[in-house]
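Enquirer: Starting off with a structure, shown below.
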Amino acid sequence: MDHLVGVAKHFTPQGQVLDLREYGHGNVNDTFLVTVKGAAEPHFILQRLNLHVFRRPELVMGNLRIVSDHVGRRLAPAPLSGGRRFELPRVLYARDGRDHLTDPGGSFWRALSFIDAAETFDTIKDPGHAHEVGYALGTFHNLLSDLAPEHLSDTLPGFHLTPGYLAHYDEVLERQGARPSPEVNYGLAFVDARRDFAPILEDARARGKLRPRPMHGDPKVNNVMLDTATGQAVSMVDLDTVKPGLVHYDIGDCLRSGCNPLGEETGDWEMVRFEPELCRAMLTGYLSLARDFLTETDYAYLYDAIRLLAFELGLRFFTDYLAGNVYFKARHPEHNLVRALVQFKLTESIESQATSLGAIIRDLR
Ligand code: GN1
Ligand code: MG
């Protein structure tokens, strides 16, 4: 703890650290909320980046700066309609003027502004909440729709490339095998039955049907902050995965996260389902801003994106379970297996509603 307070002090030129506590439920980085006395802003976020995942942290910081500068420039002359506030976390500088601190143990620390009077939830409460989450992602994409993706670095090569995750899964199976159990057998058969589906978005990109744009990379429900008084979306946080990609990854990820009322951490995996009314609400919020830049072909791949991102996250969790929990933090040895089963059940539920989800998308476009 003393060490953490020491690190936090580097990012507080004035003021005294009053409190420091773990914050959020990130699966990759370590996040803390710091309270300071005598500074202009009473709270800030302190994070230790996971260097096994983010191997070039300086590029992550670079993308963060480009995106927040761009959004700042867009919002200054033209705030959102209806007088809504919307902001992204800002990078805070250390006493030596740098945007991070490397401690003697080699950990990479950085600080971000805290979005005040706002909160996040791990699951969607109701269709109004779903609408706001979609609205936040639409706002984010809209504000970046005039930023050429080439300005952003590829901080995570292979991120969201489903064929690559499948190849990695095959390697892990080949190397380590899988200890059979009914759940593991279900997972193995589940993945096998969807091999041909895995490259759907990457094939479309290779054929020029979908084009890269700036993407958030991780727009799950608890990365959208809502104003505590009005419930309106006021920020998208967790910008480490921002890089050039397909907006379809974001749309699919946002929907797989938001339309699963039990949430991705439920132990009740057999009960998981994809809720179409939440999907309608979320897409309505999203499209109110995204209609401006989505093309005909973009719409044609929306259903596949929803199905693929649920499958892909299941595949990533399942692979990590088989590999011995080396990527996602796990609270117990079966944690990543259960997380995988949740996403597989969600994928099945999406597949069983293919026709009606297609109709919702057609309705809204
Ligand atoms: C990871 O660390 P966190 O919770 O922000 C992961 C995402 C997954 C998510 C699932 C860099 O995000 O891709 O969708 O877990 N981030 C990375 O909860 O792999
Ligand atoms: Mg994240």
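The values are calculated or read from the model by the stated rules, or taken from the named source; none is laboratory data. Everything quoted here is computed from the prediction, not taken from an experiment. Glycine gets a Cβ as well: all are built from the backbone with ideal geometry, and neighbour counts include every protein chain shown. Only protein heavy atoms, including side chains, enter the accessible area calculation; ligands, DNA and RNA are left aside. Shrake-Rupley method; radii C 1.70, N 1.55, O 1.52, S 1.80 Å.
Enquirer: Could I have the simple spin-label model distance between LYS37 and TYR299, label points 7 Å from Cα toward Cβ, reported in nm to one decimal?
Expert: That separation, rounded to one decimal, is 5.9 nm.
Enquirer: Estimate the FRET efficiency between GLU277 and GLN176 by the formula 1/(1 + (r/R0)^6), using the beta-carbon distance for r and 45 Å for R0, to the nearest 0.05. Walk me through the intermediate numbers first.
Expert: Details: r = 41 Å, r/R0 = 0.92.
Given R0 = 45 Å and the Cβ-Cβ separation, E is 0.60.
Enquirer: Per residue, how much accessible area does the stretch 2-113 show when a 1.4 Å probe rolls over the protein heavy atoms, in square angstrom?
Expert: That works out to 52 Å² for each residue.
Enquirer: What 222 nm value per residue comes from the helices of the chain, counting each DSSP H run with n ≥ 4 as -39,500 (n - 2.57) and dividing by all residues, nearest 500 deg cm²/dmol?
Expert: -14000 deg cm²/dmol
Enquirer: Calculate what fraction, in whole %, of the accessible area of the chain sits on carbon and sulfur atoms when a 1.4 Å probe is rolled over the protein chains.
Expert: Whole-percent figure for carbon plus sulfur exposure: 52.
Enquirer: Here is a further query. About its Cα centre, what dipole magnitude does the chain give when the only charges are +1 on Lys and Arg Cβ and -1 on Asp and Glu Cβ, stated in debye to the nearest 20?
Expert: Approximately 660 debye in magnitude.
Enquirer: Rounded to a whole number, what is D in µm²/s for the stretch 247-365 from Stokes-Einstein with the Kirkwood radius over alpha-carbon pairs (10 °C, 1.306 mPa s)?
Expert: Here the translational diffusion coefficient equals 108 µm²/s.
Enquirer: Set Lys and Arg Cβ to +1 and Asp and Glu Cβ to -1, take the dipole of the chain about its Cα centre, and tell me which of ILE66, PRO199, GLY82 lies farthest positive.
Expert: ILE66
Enquirer: Counting only pairs 8 or more places apart or on different chains, how many lysine pairs in the chain have C-alpha atoms closer than 24 Å?
Expert: 9
Enquirer: With charges only on Cβ, +1 for K and R and -1 for D and E, what is the dipole size of the stretch 64-179 about its Cα centre, in debye, rounded to 20?
Expert: Dipole magnitude for the stretch 64-179 comes out near 320 debye.
Enquirer: Mind telling me which of ASP192, ASP154, ASP122 comes out most flexible in a GNM of the chain, alpha-carbon contacts under 10 Å?
Expert: ASP192
Enquirer: In terms of the Cα gyration tensor, with a ≥ b ≥ c the square roots of its eigenvalues, is the chain rounded because a/c is under 1.5, prolate because a/b exceeds b/c, or oblate?
Expert: On the way: a/c = 1.66, a/b = 1.25, b/c = 1.33.
It is oblate, given that a/c is not under 1.5 and a/b is not larger than b/c.
Enquirer: Can you tell me the relative contact order of the chain? Whole percent, Cα pairs under 8 Å, sequence separation 6 or more.
Expert: Details: 629 pairs, mean separation 68.7, N = 365.
Worked out over the chain, it gives 19 percent.
Enquirer: Take the Cα radius of gyration of the stretch 267-322 and divide it by 2.2 N^0.38 Å, with N its residue count; two decimals is plenty.
Expert: The stretch 267-322 yields a ratio of 1.44.
Enquirer: Ok, one more. Could you work out, for the stretch 18-167, what percent of all Cα-Cα pairs fall into each 5 Å distance bin, beginning at 0 Å and stopping at the bin that holds the largest distance?
Expert: Whole-percent P(r) values from 0 Å outward: 2, 7, 13, 18, 20, 20, 14, 6, 2, 0, 0.
Enquirer: Compute the Kirkwood hydrodynamic radius of the stretch 1-98, taking the inverse of the mean of 1/r over all pairs of distinct Cα atoms, and give it in Å to one decimal. Intermediate results must be reported in sequence, preceding the final value.
Expert: Working: mean 1/r = 0.0651 Å⁻¹.
Taking the inverse mean of 1/r over all distinct Cα pairs, the stretch 1-98 comes out at 15.4 Å.
Enquirer: Which of PRO182, ALA323, GLY231 sits farthest toward the positive end of the charge dipole of the chain, with +1 on the Cβ of Lys and Arg and -1 on the Cβ of Asp and Glu?
Expert: The residue sitting farthest along the positive end of the dipole is GLY231.
Enquirer: When you count, for each residue, the other Cβ atoms within 10 Å and take the mean per peptide, how do 85-93, 330-338 rank with the highest first?
Expert: My ranking of the peptides, most packed first, is 85-93, 330-338.
Enquirer: Treating only the Cβ of Lys, Arg, Asp and Glu as charged (+1, +1, -1, -1), what charge dipole size does the stretch 2-113 show about its Cα centre? Round to the nearest 20 debye.
Expert: Using Cβ point charges on Lys, Arg, Asp and Glu, the stretch 2-113 gives about 380 debye.
Enquirer: Shifting gears a bit: Give the accessible area for THR297 in Å² (nearest 10); use a 1.4 Å probe, count only protein heavy atoms, and leave out ligands, DNA and RNA.
Expert: Rounded to the nearest 10, the figure is 50 Å².
Enquirer: Using alpha carbons only, how many angstrom separate the centre of the stretch 22-58 from the centre of the stretch 269-289?
Expert: Comparing the Cα centres of the stretch 22-58 and the stretch 269-289, I get a distance of 30 Å.
Enquirer: So for the stretch 190-277, what percent of the C-alpha to C-alpha distances run longer than 14 Å?
Expert: Details: 2827 of 3828 pairs.
Here the long-distance tail beyond 14 Å is 74 percent of all Cα pairs in the stretch 190-277.
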